[in-house]
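I have placed the structure first, in the form of structure tokens, so that the comments after it can refer back to it.
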2 protein chains.
Amino acid sequence: MKLTFLGTGDVRQVPVYGCHCGACDAAREDDRLRRRPCSALLESDDKRVLIDGGLTDLAERFAPGDLNAILLTHYHVDHVQGLFHLRWGLNDSIPVYGPDDRDGCADLLKHPGILDFRAPLVPFVALIMGDVQITPLPLRHSKPTFGYLFERHGRRLAYLTDTVGLPPETEAFLKQYEDLEVVIDCSQPPCAEPPRNHNDLSLVLGIHQRLQPRRTWLTHLGHEMDVWLQQHSLPDAVCVARDNLELMLY
Amino acid sequence: MKLTFLGTGDVRQVPVYGCHCGACDAAREDDRLRRRPCSALLESDDKRVLIDGGLTDLAERFAPGDLNAILLTHYHVDHVQGLFHLRWGLNDSIPVYGPDDRDGCADLLKHPGILDFRAPLVPFVALIMGDVQITPLPLRHSKPTFGYLFERHGRRLAYLTDTVGLPPETEAFLKQYEDLEVVIDCSQPPCAEPPRNHNDLSLVLGIHQRLQPRRTWLTHLGHEMDVWLQQHSLPDAVCVARDNLELMLY
Ligand SMILES: [Mn+2]
Ligand SMILES: [Mn+2]
Ligand SMILES: [Mn+2]
Ligand SMILES: [Mn+2]
Ligand SMILES: [Zn+2]
Ligand SMILES: [Zn+2]
């Protein structure tokens with residue numbers, strides 16, 4: 001299976017509108033440094049699953065029929081805003097899986113269009129898609145939020161955003177696996193007080209220490225984290241994701 | 001003053017995702033035929049007012065400081081979705097005016113960022129912006145919605161979307177003016193039953209007859225309206241708006 005990072009930014013994206021910090025100016029000059037709304041594409045043989053719908057050009061990126069499913073981490077607007085347009089398509093419906101959050105976002109659940117919102121997923125109860133097993137993992141955020149463990153032929157990737165720390169049951173569940181690839185919310189550089197709803201790097205490094213994954217990939221980065229990265233380096237096996245980066249896991 | 005149509009599409013936009021009608025295929029081939037989320041820019045001397053925020057690339061279109069204000073017709077997602085990103089800017093706050101709708105859209109009012117949501121406007125009580133007078137006019141829609149009459153040096157333009165018909169008090173108010181330019185919701189071609197929340201062309205032509213404006217400009221068009229226009233013509237003084245079309249009113 002292959003994971004493509006479609007967006008690796010926090011809610012403000014990089015560049016932040018009107019910001020002239022080193023990270024935002026660099027992203028304006030070099031499109032490859034931009035960070036769009038946090039989302040990814042998981043592909044395996046004939047299956048293509050979009051993880052979160054925050055990109056607003058989904059109709060241009062995916063032809064009708066391209067996506068077998070959409071998997072939502074949660075219903076914050078930066079993770080679903082691209083669905084406001086996509087839903088009015090005329091093509092076959094697209095199954096959408098996510099956490100139990102009846103409020104959804106704006107009128108998305110009330111007027112789903114072609115989006116076929118399935119029954120909420122149940123923590124630790126896997127969904128099978130082709131030869132990929134997808135296990136919802138509770139995260140700690142201001143709305144009901146799932147991370148997901150993707151497994152295929154013994155290779156495993158955990159996608160964990162948005163979250164501040166990890167609930168003990170999720171951390172214990174992941175600890176049983178060796179050779180994990182972890183993708184995790186790292187919105188902020190090390191903070192005196194960690195942000196309320198997102199990881200800072202200190203929290204991420206603690207999780208990395210305890211889980212001992214093959215690699216930890218940082219995503220959902222804010223511009224301040226990018227500025228920090230211009231001046232610091234990361235421990236071995238802790239890597240920074242970028243928009244359009246592909247992780248091959250075969 | 002000058003009005004630039006930034007978007008003239010209905011909630012589904014043109015092309016509709018996955019649609020291969022004559023209008024949608026034509027728009028895919030010729031970018032000028034696309035219809036983006038319904039919105040406009042009103043400019044007068046040194047003032048620039050954005051009417052609705054449904055375009056998702058506002059941060060690219062407007063440099064910080066470019067907009068003196070944002071005027072909202074209502075809080076449906078196709079009219080505000082571009083504000084979800086813009087609000088997280090670092091520049092000076094932007095005053096936002098609109099109808100009395102405490103629900104707003106998603107978490108926009110709860111987390112306004114740089115958007116300075118002002119007290120709700122009052123029907124028929126004008127707002128003065130530079131040398132432009134802006135009068136909120138109640139419309140008939142599924143959420144509290146204002147049209148706006150823009151006046152400067154005796155020239156008048158009424159911007160009336162989203163609406164189905166016009167409330168009697170709004171129609172009576174507009175009837176007192178000669179030589180009006182009217183911009184109006186025309187989402188649908190003539191329908192056996194008019195749509196519930198939007199004008200079809202029959203309703204628009206009735207309003208045009210009664211108001212006798214200088215011109216009536218159709219906006220908020222759906223793809224079926226564009227298909228209809230490929231096969232029919234309109235009465236004199238009834239014109240079809242297009243994205244990026246400019247109306248000069250000096
Ligand atoms: Mn987020
Ligand atoms: Mn979130
Ligand atoms: Mn609309
Ligand atoms: Mn509307
Ligand atoms: Zn910045
Ligand atoms: Zn069409």
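The values are calculated or read from the model by the stated rules, or taken from the named source; none is laboratory data. Just so it is clear, the model here is predicted, and its values are computed rather than measured. Glycine gets a Cβ as well: all are built from the backbone with ideal geometry, and neighbour counts include every protein chain shown. Heads up: the accessible areas ignore ligands, DNA and RNA and are worked out on the full protein's heavy atoms, side chains in. Shrake-Rupley method; radii C 1.70, N 1.55, O 1.52, S 1.80 Å.
Scanning region B:129-183 for residues that are acidic (Asp, Glu) and at negative phi, which turns out farthest from ligand 6 (Cβ to nearest atom)?
Taking the candidates together, the pick is B:131.
Can you name the strands (runs of 3 or more DSSP E) wholly within region A:120-199 that have at least 2 residues being open to solvent by 40 Å² or more (accessible area, probe 1.4 Å)?
Qualifying strands (runs of 3 or more DSSP E): A:155-160.
For region A:63-76, name all the residues that are away from ligand 6 (no atom under 16 Å from the Cβ) and open to solvent by 10 Å² or more (accessible area, probe 1.4 Å).
A:65, A:66, A:67, A:68, A:75, A:76
Here are some residues: B:28, B:32. Which one is within 16 Å of ligand 6 (Cβ to nearest atom) and assigned to a helix (DSSP H, G or I)?
After applying the criteria, what remains is B:28.
Among the residues of region B:127-148, are any touching a residue at least 40 places away in the same chain (Cβ under 8 Å) and of a type in the set (Lys, Arg)?
yes
For residue B:30, all conditions in the list (1) away from chain A (no Cβ under 14 Å); (2) touching a strand residue (DSSP E or B) at 6+ places or on another chain (Cβ under 9 Å); (3) without any contact (Cβ under 8 Å) to a residue 40 or more places away in the chain hold save one; what is the number of the exception?
Unmet for residue B:30, out of (1) away from chain A (no Cβ under 14 Å); (2) touching a strand residue (DSSP E or B) at 6+ places or on another chain (Cβ under 9 Å); (3) without any contact (Cβ under 8 Å) to a residue 40 or more places away in the chain: (2).
Restricting to region B:80-111, count the residues that are open to solvent by less than 40 Å² (accessible area, probe 1.4 Å) and away from chain A (no Cβ under 11 Å).
6
Scan region B:1-33 residue by residue and report those that are within 30 Å of residue B:152 (Cβ to Cβ) and open to solvent by 10 Å² or more (accessible area, probe 1.4 Å).
Of everything in region B:1-33, those that are within 30 Å of residue B:152 (Cβ to Cβ) and open to solvent by 10 Å² or more (accessible area, probe 1.4 Å) turn out to be B:2, B:4, B:6, B:10, B:32.
Residue by residue through region B:192-240, note down the ones that are free of Cβ contacts under 8 Å to residues at least 60 places away in the same chain, at positive phi and of a type outside the set (A, V, I, L, M).
The answer is B:212, and nothing else.
Restricting attention to region B:40-57, report how many residues are open to solvent by 50 Å² or more (accessible area, probe 1.4 Å) and either within 14 Å of chain A (Cβ to nearest Cβ) or part of a loop (DSSP other than H, G, I, E, B) (or both).
Residues meeting the conditions: 4.
Report whether or not residue A:36 is charged (D, E, K, R), within 12 Å of the chain's Cα centre (by Cα) and open to solvent by 40 Å² or more (accessible area, probe 1.4 Å).
Yes; evaluated as a whole, the condition is true for this residue.
Sort out which residues of region A:63-79 are more than 16 Å from ligand 1 (Cβ to nearest atom) and within 10 Å of chain B (Cβ to nearest Cβ), and write them in order of number.
A:63, A:64, A:65
If you check residue A:65 against the conditions, is it at positive phi and either of a type outside the set (Val, Ile, Thr) or in contact with a helix residue (DSSP H, G or I) (Cβ under 7 Å, 6 or more places away or on another chain) (or both)?
yes
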